[in-house]
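Asker: Pasting a structure here, questions to come.
The values are calculated or read from the model by the stated rules, or taken from the named source; none is laboratory data. Just so it is clear, the model here is predicted, and its values are computed rather than measured. Virtual Cβ from ideal backbone geometry, glycine too; neighbours counted across all protein chains shown. These accessible areas exclude ligands, DNA and RNA; they are computed on the full protein's heavy atoms, side chains included. Shrake-Rupley method; radii C 1.70, N 1.55, O 1.52, S 1.80 Å.
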Amino acid sequence: MAADDGMQVIIGLEVHIQLNKLRTKLWCSCTSAYHGKEPNTVLCPVCLALPGTLPVLNKRAVEFAILLGLALKGDVQKETFFYRKNYYYPDMCKNFQISQYDKAGGVPICVGGELAFRAGKEARTVHFMRVHMEEDPGRLAYDGSITTSPVAYVDYNRHGMALLEAVTEPELRSPEEARAFLKKLRAIVEHLGIADLGLEGSMRCDANISYKGHARVEVKNISSMKEVEKALMFEMMRQKQKIKGGGEIVQETRHWDEVRRVTVSLRTKETEKDYRYFPEPDLVPVAIDKKMLDAARKAMPELPDARIQRIVKQYQIPEYDASVLCDSKAMADFYEATVKIFDDPKDVSNWLMGDVSRRLNEDLVEIEETKLTPKALAQMLRLIKDGTITGKIAKGLVKGMLSGAMPADLVKEHAVKRIDDAALLGNLAREVIVENPKVVAEVKEGKNPRTFEFLVGQVMKKTKGQADPELTREILKELL
Ligand SMILES: [Zn+2]
């Protein structure tokens, strides 16, 4: 959709998925569990490419790449090989990166592919140019902002980790769409089990962004999904202002500065010639035969789209609910585990999508990062069902439950219970009627049903949300 001023933004993404579920790095037997380790302690002569060493391809990494290629409906190639991409940057101590190339005879492991996703209410499909394999460079760190830090630190622990890079066609039309696309891609990767995306740097992005008819800018170093939308928004505004002011967009590479929340110019864009791609002489071509493909198809787990359809059928909940739940594998797992012990699937999805998600969003955490258990959620829903607490009381328990408390204990501890004492509620209702003569008059006119609910709300307020709403309604109706 074009903006009001007719300027159409075009976005393409290069998503790096770090295969941290592999036991070892891509070329050597160094452990892939480098997160949290002392800098520059998880490395060996091979991943540093010291003279005399040779890389040996991790077979399991190829299997993971095939899985992702098939999941994205791409064309997994019968033969693929590696290219050497030459560049100097301190995060790559050997001055080249072993990657794959799709020109000059190069064949990445997977060509094409597509991903269907929801962006708001719209169903969208974005196509891939390729999925290729490459090694992860080391990590650069700064004292604060990249532009003002007096020093740069380098940690080579990440050097040589296996990466899959999924490159889209420039088909995304807004930062919001980019976020929705990444969410779906993330859910697929989680279901495939090839990467733990909760780990720092496990899914990173470079983005190409331009306005139609103007030069393209590449934004590098977007370290997490949450940052992508912000970086794109900023870059869009910057380019738009420049174009509107009569300026010209320079084709360049910019860096997303997470601290200052701006993109900064790194260098005018290298052309491919600068990288001097040539076939990697230290690695033989990889043949992918029918046996490997069959094995991958057999190992293919249930993917989000299929899971959505199954959940709709199995639990009779709306497709919208199922697709929201399946945005995250952990959330979908949580849902199914809860439904197993509390047999009201719609009630469970309402609570997960409503109050639980709201709290997770406020705290900026994922459900698997909390101490909430299916058992606790089921217990809370049972307490509502048997009339011990009202839905309103339950809403107040969610926060404690996310920290690991059981709802029954919270009810005891805070002495919060549903009030169904008709005499008490009758007294409170009479008070409310006396206090709100204007509203009562309007209710009696019967024009606006909301005025009645206002009175119900006032009784709820007097009981701190513990009054039984149905009983309160009955009593008020009778009194009026
Ligand atoms: Zn190593």
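Asker: Size of the dipole of the chain about the Cα centre, Lys and Arg at +1 and Asp and Glu at -1 on the beta carbon, nothing else charged, in debye to 20?
Answerer: In debye, rounded to 20, the chain gives about 140.
Asker: Continuing with this model, one more query. Which whole-number value in Å² is the accessible area per residue of the chain, probe 1.4 Å?
Answerer: Result: 50 Å² of accessible area for each residue.
Asker: Using the Kirkwood formula on the Cα atoms of region 9-296, what hydrodynamic radius do you get, in angstrom to one decimal?
Answerer: When all Cα pairs of region 9-296 are included, the Kirkwood radius is 19.7 Å.
Asker: Next question, about the same structure. Give me the extension gain from Cys44 to Ala299: residue separation times 0.36 nm, minus the current Cα-Cα distance, reported in nm with one decimal.
Answerer: Extra length available between Cys44 and Ala299 comes to 88.6 nm.
Asker: Spin-label point model (7 Å from Cα, Cβ direction): what's the Glu176 to Ala422 distance in nm?
Answerer: Each label point is offset 7 Å from its Cα along the Cβ direction, giving 5.0 nm.
Asker: Something else about it: What do you reckon, how do Lys226, Lys461 stack up by accessible area (1.4 Å probe), largest on top?
Answerer: Lys461, Lys226
Asker: Read phi for every residue in region 143-157 and hand back ³J(HN,Hα) as whole Hz from Karplus 6.51 cos²θ - 1.76 cosθ + 1.60, θ = phi - 60°, with x for Gly and Pro.
Answerer: Running phi through 6.51 cos²θ - 1.76 cosθ + 1.60 with θ = phi - 60° gives 7, x, 6, 4, 7, 10, 5, x, 9, 10, 9, 10, 10, 8, 4 Hz.
Asker: Normalising by the residue count of the chain, find the relative contact order in percent from Cα pairs under 8 Å and 6+ residues apart.
Answerer: This gives 14 percent for the chain.
Asker: Among the DSSP beta bridges whose two residues both lie in the chain, what percent are antiparallel, rounded to the nearest 5?
Answerer: 90 percent
Asker: Using alpha carbon centroids, what distance separates region 101-116 and region 282-337, in Å?
Answerer: So the separation of the two Cα centres works out to 22 Å.
Asker: So who's got an amide H within less than 5 Å of the one on Tyr87, skipping anything under 5 residues away but keeping other chains? H placed 1.01 Å off N, in plane.
Answerer: For Tyr87, the qualifying residues are Phe96, Gln97.
Asker: Gap in Å between the Cα centre of region 1-69 and the Cα centre of region 170-207?
Answerer: Using only Cα atoms, the two centres lie 14 Å from each other.
Asker: Bin width 10 Å, origin at 0, all Cα-Cα pairs of region 87-127: what percent of pairs per bin?
Answerer: 21, 24, 26, 23, 6
Asker: Additional query: Using +1 at the C-beta of Lys and Arg and -1 at the C-beta of Asp and Glu, which of Asn361, Thr390, Thr24 has the Cα lying farthest in the positive direction of the dipole of the chain?
Answerer: Positive-end residue among those listed: Thr390.
Asker: Glu431 versus Lys290, label points 7 Å from Cα toward the beta carbon: distance in nm?
Answerer: Simple spin-label model gives 8.1 nm for this pair.
Asker: Let me spell out the model: positive unit charges on the Cβ of Lys and Arg, negative unit charges on the Cβ of Asp and Glu, origin at the Cα centre of region 9-296. What dipole size does that give, in debye rounded to 20?
Answerer: It works out to roughly 500 debye.
Asker: Sticking with this structure for a sec: Using the Karplus curve 6.51 cos²θ - 1.76 cosθ + 1.60 with θ = phi - 60°, work out ³J(HN,Hα) for each residue of region 47-58 in order, rounded to whole Hz, and write x for Gly and Pro.
Answerer: Once rounded to whole Hz, the list reads 6, 8, 6, 5, x, x, 9, 10, x, 10, 5, 6.
Asker: May I pose another question? Using only DSSP helix segments of four residues or longer, with each worth -39500 (n - 2.57), what per-residue ellipticity at 222 nm results for the chain after dividing by its residue count and rounding to 500?
Answerer: Result for the chain, helices only: -12000 deg cm²/dmol.
Asker: Tell me the Rg and the Dmax, in Å, that the Cα atoms of region 302-414 produce.
Answerer: In order Rg, Dmax, the Cα atoms of region 302-414 give 13.6, 43 Å.
Asker: Heavy atoms only, probe 1.4 angstrom, no DNA, RNA or ligands counted: give me His35, His159, His127, His414 ranked by accessible area, highest first.
Answerer: Listed by decreasing accessible area, they come as His414, His127, His35, His159.
Asker: Shifting gears a bit: log10 I(q)/I(0), Debye, Cα-only the chain, no solvent, q = 0.06, 0.07, 0.08, 0.11 Å⁻¹?
Answerer: -0.38, -0.50, -0.63, -1.00
Asker: Whole percent per 10 Å bin, from 0 to the bin with the longest distance: what is P(r) over all C-alpha pairs of region 82-218?
Answerer: Here the calculated profile for region 82-218 is 10, 31, 37, 19, 2.
Asker: Using r as the Cβ-Cβ distance of Arg60 and Cys93, and R0 as 35 Å, what FRET efficiency do you calculate, to the nearest 0.05?
Answerer: Between Arg60 and Cys93 the formula returns 0.90.
Asker: Computed FRET efficiency, Cβ-Cβ of Val312 and Glu362, R0 45 Å: what is it to the nearest 0.05?
Answerer: Result of the calculation: an efficiency of 0.95.
Asker: Something else now. Quick one: putting +1 on the C-beta of Lys and Arg, -1 on the C-beta of Asp and Glu, what dipole do you get for region 25-90 around its Cα centre, in Debye to the nearest 20?
Answerer: 40 debye
Asker: Okay, next question. Could you point to the residue in Asn427, Met300, Phe278 farthest towards the positive end of the chain's charge dipole, with +1 and -1 charges on the Cβ of Lys/Arg and Asp/Glu respectively?
Answerer: Asn427
Asker: Please list the non-local residues whose amide H lies under 5 Å from the amide H of Leu266, H modeled 1.01 Å from N, same-chain partners needing a gap of 5 or more.
Answerer: Thr253, Arg254, His255
Asker: Can you tell me the FRET efficiency between Ala141 and Asp102 if r is taken as the Cβ-Cβ distance and R0 is 35 Å, rounded to the nearest 0.05?
Answerer: The calculated FRET efficiency here is 0.65.
Asker: Rank these residues by their accessible area, most exposed first, probe 1.4 Å: Met353, Met380.
Answerer: Of Met353, Met380, the descending order of accessible area is Met353, Met380.
Asker: Run the quick spin-label model on Asp386 and Asn86: label points 7 Å from Cα toward the beta carbon, then report their separation in nm to one decimal.
Answerer: 7.5 nm
Asker: Let me have the relative contact order for region 9-296, percent, based on Cα pairs under 8 Å that are six or more residues apart.
Answerer: Relative contact order comes out at 25 percent.
Asker: What residue among Pro137, Thr147, Trp351 has its Cα farthest toward the positive end of the dipole of the chain, where the charges are +1 on Lys, Arg and -1 on Asp, Glu, each on the Cβ?
Answerer: Trp351
Asker: Mind checking which helices in the chain clear 27 Å along their axis (Cα) and have mean Kyte-Doolittle hydropathy of -1.0 or more, DSSP H runs only?
Answerer: Both cut-offs are met by 225-244.
Asker: Got a number for carbon plus sulfur as a percent of the chain's accessible area, 1.4 Å probe?
Answerer: The nonpolar share, carbon plus sulfur, comes to 53 percent.
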